[in-house]
Amino acid sequence: MITVTTPNGRVGSIVLERLLERREQVRAVSHSPYKLAPSVHERCEVITGSLDDADTLKRGFEGADAIFWCIPQSSEGNRWDDAHEYHQRFASAAATALQGSPARVVAASAGRHGYDDHGIVAAFAAVEDTLNASGATVRHLRSAFFMENLLEALPTLAAPGAVFFNGPGDVPLPMVCVADVAHKAVDLIVDRSWKGQGHVAVHGPAHVSFDEMASVLTDVLATPIRYIQVPDQVLIDNMTRVGLPEGFASAFARLLTKDALHAYDIEQRTRETTTPTTLRDWAGQTLLPAFKAFTAR
């Protein structure tokens with residue numbers, strides 16, 4: 001039995017589908033099971049409950065050989081202003097539920113472990129410590145910058161033809177698509193040979209600066225795209241306007257400062273951390289159709 005949390009999430013949904021394609025015995029734990037396709041309900045067991053509830057997770061983890069565990073990152077319904085407290089409530093519930101469990105856990109985490117940004121990276125570092133303290137057999141999947149973050153920029157890509165972040169445009173950083181992260185997670189889930197506790201970085205195929213990103217998007221979208229660096233507070237204000245609590249918005253802004261981007265080099269790229277999907281390929285397959293649909297409204 002393999003348990004998948006966040007089965008409606010960016011990574012979790014792909015993990016779930018890939019495991020079902022492999023005809024694995026799967027159980028999904030979700031606070032929104034109505035969002036799952038009927039075909040998913042037909043092919044796997046579904047447990048309804050919140051992922052910050054230890055009793056729900058105990059039911060979900062019971063009898064599992066492997067677990068994909070992820071903290072929900074959707075802003076929908078998130079009224080927590082402190083990123084550390086938000087992440088810890090899920091980690092504490094999971095650690096309690098994992099006490100004595102023999103399951104191998106693949107846990108979604110973030111790259112730059114060891115860099116204290118006083119925000120999201122630090123929150124995930126504390127999450128890793130909490131899960132490790134449970135004694136669980138775990139691999140923390142430390143992902144780079146998600147290419148899918150660019151989907152949030154569709155309104156500004158359409159007009160004025162720009163992507164706005166607060167980081168410098170000339171610092172290369174690893175960019176990865178969520179499908180490659182999910183595929184790495186599935187590889188670990190079905191590999192029954194590993195033991196103990198550790199981490200696996202997922203860096204995408206290459207480091208790309210925001211300026212280089214804009215050039216790629218210009219080619220793929222067939223429209224001029226610029227990268228524009230904005231002050232931290234401008235980015236924070238933009239995120240709070242769409243409903244993110246200010247504390248969370250501030251934590252996300254600290255992910256993209258100059259020091260934070262350089263901190264990706266803490267974990268060196270290797271053949272094992274390199275995944276295949278390029279920014280150009282992802283943009284053509286995913287961003288371009290979304291861009292056309294958005295601009296056709």
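Computed from the coordinates by the stated procedures, all read-outs in this text should not be read as laboratory data. None of these values were measured; they are calculated from a predicted model. Please note: Cβ atoms are built from the backbone with ideal geometry, for glycine as well, and neighbour counts cover all protein chains shown.
Of all DSSP beta bridges located in the chain, what percent are antiparallel, nearest 5? Could you put the intermediate results ahead of the total?
Details: 2 of 37 bridges.
Taking every DSSP beta bridge within the chain, about 5 percent pair in antiparallel fashion.
In the chain, inverting the average of 1/r over every pair of distinct C-alpha atoms gives 19.8 Å as the Kirkwood radius. Rounded to the nearest 10 degrees, the inclination of helix 232-241 to the longest alpha-carbon principal axis of the chain is 60 degrees.
Dividing the convex hull volume of the alpha carbon atoms of segment 144-297 by its residue count gives 136 Å³ per residue.
Straight Cα distances below 27 angstrom link LYS58 to the lysines LYS35, LYS184, LYS195, with same-chain residues fewer than 8 positions distant left out. More than 17 angstrom separation, counting every C-alpha pair in segment 217-285; what % is that? Tail fraction, whole percent: 65. Taking 37 °C and 0.692 mPa s as conditions, segment 192-236 diffuses translationally at an estimated 231 µm²/s according to Stokes-Einstein applied to its Kirkwood radius (Cα pairs).
Computed from Cα atoms alone, the Kirkwood hydrodynamic radius reported for segment 121-180 is 14.4 Å.
Normalised Debye scattering of segment 1-54 at q = 0.16, 0.24 Å⁻¹ gives log10 I(q)/I(0) of -0.38, -0.88, counting only Cα atoms as equal scatterers and leaving out solvent. Scaling the Cα radius of gyration of segment 5-137 by the globular reference 2.2 N^0.38 Å produces a ratio of 1.03. For segment 119-259, averaging the sequence separation of C-alpha pairs within contact (under 8 Å, six or more residues apart) and dividing by the residue count gives a relative contact order of 35 percent. Spin-label pair SER32-GLN285: with each label point 7 Å from Cα along the Cα-Cβ axis, the two points sit 2.4 nm from one another. Other residues whose C-beta falls under 13 angstrom from the C-beta of GLY12 contribute a net charge of +3, scoring Lys and Arg +1 and Asp and Glu -1.
Each principal axis of the Cα atoms in segment 114-227 has its own extent, and those three values, largest first, are 51, 32, 22 angstrom.
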